[in-house]
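Here's the structure we're looking at; comments come further down.
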Amino acid sequence: MNALLARFKLDRPGFSLDVDLDLPARGVSALFGHSGSGKTTLLRCIAGLERAPDGQLSLNGEIWQDANTFLPTHKRPIGYVFQEASLFSHLTARGNLEYGMKRSAERLDAAALDHVIDLLGIGGLLERRPHQLSGGERQRVGIARALAVKPRLLLMDEPLAALDLARKQEILPYLERLHEELEIPVLYVSHSPDEVARLADHIVVLSDGRAVAAGPLTETLARLDLPIHLGEDAGVVLDAVVTERDDQWHLARATFADNSDAGVWVRDGGHAIGHHVRVRILARDVSLAVTRHSGTSIQNILPGVVTELGQDTHPALALVKINVGGAALVARLTRRSAHDLNLAPGQIIYAQIKAVALIG
C-alpha cells in the first residue's frame, strides 16, 4: 500500500497527542492548526526525535516504528526543514550542501542535485556564506540541503514563519515548483491559511493533539462541520483551468476543472490557455440571491444549488454550501439573511462572487 501511516499516542502534563492518520504517499499534506495544537510534536514523532511508546509508523509498507521496531532519526530516510535554515556560518552554501550529503548513507547524484539547485534558484548563491544571503535565500539553501540526502519523506516545520512578507512572497513560487516536481510525500506544518491554500493537496486539521479532520484540501475546506473554522479566511480552494483571456480588460477565465460551464473571471496572471491553476474564494466574498441581478459591478454570478447550511463561529452568522457545476462554494451571511431568503437544501440560488484570488 502506497501511503504514510502514522499512529501516535503521547501524554504529557497539560498536553496529549492522539492521532491515527493515513496520508498520501505523494504530494503535500498540510498539518494545520493553532499554536499548541500538536503540529510540531507530531512531526517530531514522525522524525523519531520524540518517542511515543505505542507509536506506529510506516511508509509504503516499510515499518519505521511499531511494538518491536524503532528506527532512530539518523536511520530514517527523511529530510527536515526547520523554521530557521540553521546553516553553518563558516561554510558556503555549497559547503552546507556537501556537509549534509557526506553525513547521509544515500544522496542525490550530481545530475539530480543540479536539478534541485535549479528548482530552488540557488545556482548563483553557492559560493556565498550564510551572512551574505537573505532570509529567503538561506531557507532555499536549507531546503536544498534537506533534499540532497535523497529523502523518501520531507518534513517542513513552518519554513516561512521566520520570514517577513516580502521574503515569503519570494520563496513561495519555489515551493510551488517543488510541489509540482517532487515524487515523495511532504508534511508541511503551518498555521497560515494562505500557505495551505497555495501548497497543500491534503490537509490534517489538529486541535488539542487530535486530528479533527483529514482529507483532500478541496473537500475538507468546504466542510461546514469542522470544529475549527479559519475565521475570516474561511472559504474554498478549487482546481481550475485557464480557458479564456480578455486582453482588453486584462482578465482571464478560470474554469473549474470538472465542468466547462462553470468558471470565474480573475486578474490575468499571464498563464497560458489550458494551464492548471488554483483559485481561492473566501466565504466572506460570496453573497447569495434567489434571482439573477443585472446592473451590478459583480462580474461572477453563478447559478447553483444549496446543499447544506451550518453555523459559523458567531451566532449571528451562518455558512451556506452551494454546488456550482460540481464544485463546492461556501458563503457567509447573517442568519437573518438566510431566514429572509428562506434558504434550504435543494434550493436554486445565485452565488455572487465579489473577489477571487488566483493562487497558482
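The values are calculated or read from the model by the stated rules, or taken from the named source; none is laboratory data. Remember, predicted model here, so these are calculated numbers, not experimental data. Glycine also receives a Cβ, built like all others from the backbone with ideal geometry; neighbour counts cover every protein chain displayed.
Exactly one residue among Arg198, Arg167, Arg223 is out of contact with any helix residue (DSSP H, G or I) (no Cβ under 8 Å at 6 or more places or on another chain), more than 24 Å from Asn60 (Cβ to Cβ) and of a type outside the set (Asp, Glu), and that residue is Arg223.
Restricting attention to region 339-360, the residues being modelled with pLDDT of 90 or more and farther than 17 Å from Asp225 by Cβ number 15. Filtering Val242, Val320, Val306 for residues that are in the same structural domain as Ala351 (by TED's automatic domain parsing), free of Cβ contacts under 8 Å to residues at least 60 places away in the same chain, touching a His at 6+ places or on another chain (Cβ under 6 Å) and outside any loop (DSSP other than H, G, I, E, B) leaves a single hit, Val242. The residue list Thr255, Thr220 contains one member that is assigned by TED's automatic domain parsing to the domain that holds Ile78 and in contact with a strand residue (DSSP E or B) (Cβ under 6 Å, 6 or more places away or on another chain), which is Thr220.
If the condition is being touching a helix residue (DSSP H, G or I) at 6+ places or on another chain (Cβ under 6 Å) and free of Cβ contacts under 8 Å to residues at least 40 places away in the same chain, then region 141-164 contributes Leu160, Leu163.
The residues listed here are Ala331, Ala338, Ala355; of these, the one that is outside any strand (DSSP E or B) and in contact with a strand residue (DSSP E or B) (Cβ under 6 Å, 6 or more places away or on another chain) is Ala338.
Among the conditions (1) crowded, with 19+ Cβ neighbours inside 10 Å; (2) closer than 30 Å to Arg129 by Cβ; (3) free of Cβ contacts under 8 Å to residues at least 60 places away in the same chain, the only one that Phe8 does not satisfy is (2).
Select from region 286-322 the residues that are modelled with pLDDT of 95 or more and charged (D, E, K, R) and write down the one among them that is surrounded by the most Cβ atoms within 10 Å (Cβ to Cβ). Result: Lys321.
Conditions tested, residue by residue: (1) in a loop (DSSP other than H, G, I, E, B); (2) in contact with a helix residue (DSSP H, G or I) (Cβ under 7 Å, 6 or more places away or on another chain); (3) free of Cβ contacts under 8 Å to residues at least 24 places away in the same chain; (4) over 21 Å from Ala161 (Cα atoms).
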site	(1), (2), (3), (4)
Leu4	no, no, no, yes
Ala30	no, yes, no, no
Leu42	no, no, no, no
Ile46	no, no, no, no
Trp64	no, no, yes, yes
Asn68	yes, no, yes, yes
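Could you please let me know if Ala93 is touching a residue at least 24 places away in the same chain (Cβ under 8 Å) and on the phi < 0 side of the Ramachandran plot? Against the criterion (touching a residue at least 24 places away in the same chain (Cβ under 8 Å) and on the phi < 0 side of the Ramachandran plot), Ala93 qualifies. The set of residues in region 253-289 that are over 14 Å from Ile353 (Cβ atoms), among the small types (Gly, Ala, Ser) and in contact (Cβ under 8 Å) with a residue 24 or more places away in the chain comprises Gly269, Ala272, Gly274. The lone criterion from (1) touching a residue at least 24 places away in the same chain (Cβ under 8 Å); (2) aliphatic (A, V, I, L, M); (3) part of a strand (DSSP E or B); (4) in the same structural domain as Val19 (by TED's automatic domain parsing) left unmet by Ala197 is number (3).
Determine, yes or no, whether Leu172 is aliphatic (A, V, I, L, M) and assigned to a helix (DSSP H, G or I). Against the criterion (aliphatic (A, V, I, L, M) and assigned to a helix (DSSP H, G or I)), Leu172 qualifies. Being without any contact (Cβ under 8 Å) to a residue 12 or more places away in the chain and either aromatic (Phe, Trp, Tyr) or more than 20 Å from Val320 (Cα to Cα) (or both) is true of Pro173.
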